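Below: one structure, written as structure tokens.
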Amino acid sequence: MPDTEHPLITRYREFSPSSQTIAERARSVFPGGDTRSSAHYGPYPLAIEHARGAVLTDADGHELLDFMNNFTSLIHGHAHPGVVTAVREQVGRGSAYAAPSTSQIELAELIADRVPSIEQLRFTSSGTEGTLMAIRAARAATGRQKLMKMEGGYHGSYEQAEVSLAPLPGLRGELSAPISTAFDASFPDSVLADTVICPYNEPQLARNLIDAHANELAAVIVEPILGSMGMLAATTEFLQTLRDATQRHGIILIFDEVITLRVNSGGAQATHGVTPDMTCMGKIIGGGLPVGGVGGRQELMQLFSPDQEQPVMHASTFSGNALTMTAGLAAMQAYTASEAQRINDLGSRLREGFNQVFQQAGVRGQATGTGSLSNLHFTDRFLHDARDSLDGMIAAGHIPSLLHLTMLRHGVMSATRLMFCTSTAMDESTVDRAVTALAESLSEMRPFIESERPELLI
Ligand SMILES: Cc1ncc(COP(=O)(O)O)c(C=O)c1O
């Protein structure tokens, strides 16, 4: 332990000795002690032993309310009885056939019934693969090369999906023509050159950029809620502008609803009344097992058809996997419109509670979000786009990550970036306990905020 360790980190270590031991063991086989960058945080993550409903149990036996839900994918929390029964029955009948099965078709029919833009779809093994296949289909459909993505948008684990994910001041250029920036040292220059970056929630600027690049753009991809940059919702005007401009130039509009499919049974596109050409999915449609998907109008999806002379290649060993399909079908059947409404209402209650706590504590902060999806920010400025969100994060320094660790000790798990989502395993009392945990955590942190970031106090 370093001599100068922050007292809140020391308290976290004292709280979680078994997780620390597990983390030390993990360091010998995993770089940095983890097999998944997004789930990692310092000094080490809590190791989880088991979970049920909204409750996680860590290696030291603490029970934590799970507002992370595997990055929004567990719409019913953990071990939902319907999903457990379906998976148990299926695993005894085999897990992967490399052949059609009715569970694939049933889940596809349910999704096509609910999501306005989807007439046909393909399952994939991850959301990453879903967005990749959508972009490939768009190139094949248009004969053009470039992709427009939003500044701060995240579409998976490959270079083009991460261009300008974190638009740092000094590197990002003017808002009217953002620069394509690499997220790490692995990005080929060709990918940066093939990606046009659009500012989020700026209809006029988006229209100008689409018009300027129209001849080279195969697709525009957008998240209806900017997830990785702190749950900032697009306006209907912005999405409608993208729809109109892409339609005018024959560019494929892709909605990445990997996260937002949970906010409405028809996805965010149903809420906004804006229908894209293609929709990418993931997370909740797998019932907790690895999954992704891409869907759209039949004529576009035919690009993948084996009947075509030269279909867009889509192989993927685990696509349409029998266990995933069974789990996904059980989960989606149980995710009715009324359950979606109920957990969206719980999300609103959570944000209201969190916002009150910030006010009462005299700390500059706010909860953003839509429906079941929320994020905390240490700023009271209005947050409109990725730049606002990132600038707020940078100005708050280490305070957000210390709050995350402190909330864990107060019994609430969120993502390190302070993303919270509700699940059907929760009720109002679950939400109220999270609000209390924020109040307790800010009160414990107050002396440190006072001495380390006094500008965050009102
Ligand atoms: C909006 C969005 N698109 C795509 C992905 C990639 O999905 P996966 O992690 O399943 O590959 C994610 C993952 O968090 C996401 O949030």
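The values are calculated or read from the model by the stated rules, or taken from the named source; none is laboratory data. Owing to the predicted nature of the structure, the values given are computational and were not obtained by experimental measurement. Virtual Cβ from ideal backbone geometry, glycine too; neighbours counted across all protein chains shown. Calculation scope for accessible area: heavy atoms of the full protein, side chains included, ligands and nucleic acids excluded. Shrake-Rupley method; radii C 1.70, N 1.55, O 1.52, S 1.80 Å.
Within region 132-144, the set of residues being open to solvent by less than 10 Å² (accessible area, probe 1.4 Å) and either within 11 Å of the ligand (Cβ to nearest atom) or under 19 Å from Arg262 (Cα atoms) (or both) comprises Ala134 only. State which residue is nearest to Gly42 (Cα to Cα) when the search covers only region 409-447 and only residues that are hydroxyl-bearing (Ser, Thr, Tyr) and part of a loop (DSSP other than H, G, I, E, B). Ranking the candidates gives Thr416 first. Selection within region 145-159: residues that are open to solvent by 10 Å² or more (accessible area, probe 1.4 Å) and touching a Leu at 6+ places or on another chain (Cβ under 6 Å). The member of this set that is farthest from the ligand (Cβ to nearest atom) is Lys146.
Could you check how many residues of region 294-320 are under 20 Å from Thr102 (Cα atoms) and either among the charged types (D, E, K, R) or touching a Ser or Thr at 6+ places or on another chain (Cβ under 7 Å) (or both)? Qualifying residue count, region 294-320: 5.
Would you confirm, using the coordinates I've provided, whether Gly320 is on the phi > 0 side of the Ramachandran plot, modelled with pLDDT of 95 or more and not in a helix (DSSP H, G or I)?
Here the answer is yes, as Gly320 does meet what is asked.
If the requirement is being farther than 30 Å from Leu303 by Cα and touching a helix residue (DSSP H, G or I) at 6+ places or on another chain (Cβ under 7 Å), which of these qualifies: Ala140, Ala54, Ala96, Ala79? Going through Ala140, Ala54, Ala96, Ala79 in turn, just one is farther than 30 Å from Leu303 by Cα and touching a helix residue (DSSP H, G or I) at 6+ places or on another chain (Cβ under 7 Å): Ala54.
Here are Leu408, Leu403: which of them is open to solvent by less than 10 Å² (accessible area, probe 1.4 Å), in contact (Cβ under 8 Å) with a residue 60 or more places away in the chain and within 25 Å of Leu56 (Cβ to Cβ)?
Sole residue among the options that is open to solvent by less than 10 Å² (accessible area, probe 1.4 Å), in contact (Cβ under 8 Å) with a residue 60 or more places away in the chain and within 25 Å of Leu56 (Cβ to Cβ): Leu408.
When we screen Glu129, Glu119, Glu106, Glu89 for residues that are among the charged types (D, E, K, R) and surrounded by 21 or more Cβ atoms within 10 Å (Cβ to Cβ), the only hit is Glu129.
Scanning region 17-58 for residues that are surrounded by 13 or more Cβ atoms within 10 Å (Cβ to Cβ), of a type in the set (Ser, Thr, Tyr) and under 27 Å from the mean Cα position of the chain (by Cα) returns Ser19, Ser38, Tyr41, Tyr44, Thr57. Does Ala425 fit the bill of being touching a His at 6+ places or on another chain (Cβ under 8 Å) and open to solvent by 10 Å² or more (accessible area, probe 1.4 Å)? Yes. Just to verify a result, which residue in region 269-295, among those that are open to solvent by 40 Å² or more (accessible area, probe 1.4 Å) and in a loop (DSSP other than H, G, I, E, B), is farthest from the ligand (Cβ to nearest atom)? This residue is Gly273. Among the conditions (1) open to solvent by 30 Å² or more (accessible area, probe 1.4 Å); (2) at pLDDT 95 or above; (3) part of a loop (DSSP other than H, G, I, E, B); (4) not aliphatic (A, V, I, L, M), the only one that Tyr97 does not satisfy is (2).
Based on what the data block shows, is Ala415 of a type in the set (Gly, Ala, Ser) and over 19 Å from the mean Cα position of the chain (by Cα)?
The answer is no for Ala415.
Quick check, is Ala138 among the small types (Gly, Ala, Ser) and not assigned by TED's automatic domain parsing to the domain that holds Ser319? When the stated conditions are applied, Ala138 does not pass them. As for region 327-335, it holds no residue that is of a type in the set (Gly, Ala, Ser), open to solvent by 30 Å² or more (accessible area, probe 1.4 Å), touching a residue at least 40 places away in the same chain (Cβ under 8 Å) and within 30 Å of Leu438 (Cα to Cα). Does Met393 meet the test of being surrounded by 21 or more Cβ atoms within 10 Å (Cβ to Cβ) and either in the same structural domain as Thr57 (by TED's automatic domain parsing) or not hydrophobic (A, V, I, L, M, F, W, C) (or both)? No. Across region 1-51, the qualifying residues are those that are in contact (Cβ under 8 Å) with a residue 40 or more places away in the chain and in contact with a helix residue (DSSP H, G or I) (Cβ under 6 Å, 6 or more places away or on another chain), and the one among them that is nearest to the ligand (Cβ to nearest atom) is Leu46. Going residue by residue through region 235-246, is there one that turns out to be basic (Lys, Arg) and away from the ligand (no atom under 16 Å from the Cβ)? Checked against the condition, which is being basic (Lys, Arg) and away from the ligand (no atom under 16 Å from the Cβ), region 235-246 yields at least one hit.
Among the residues making up region 247-260, a single one is within 16 Å of the ligand (Cβ to nearest atom) and without any contact (Cβ under 8 Å) to a residue 40 or more places away in the chain: Leu253.
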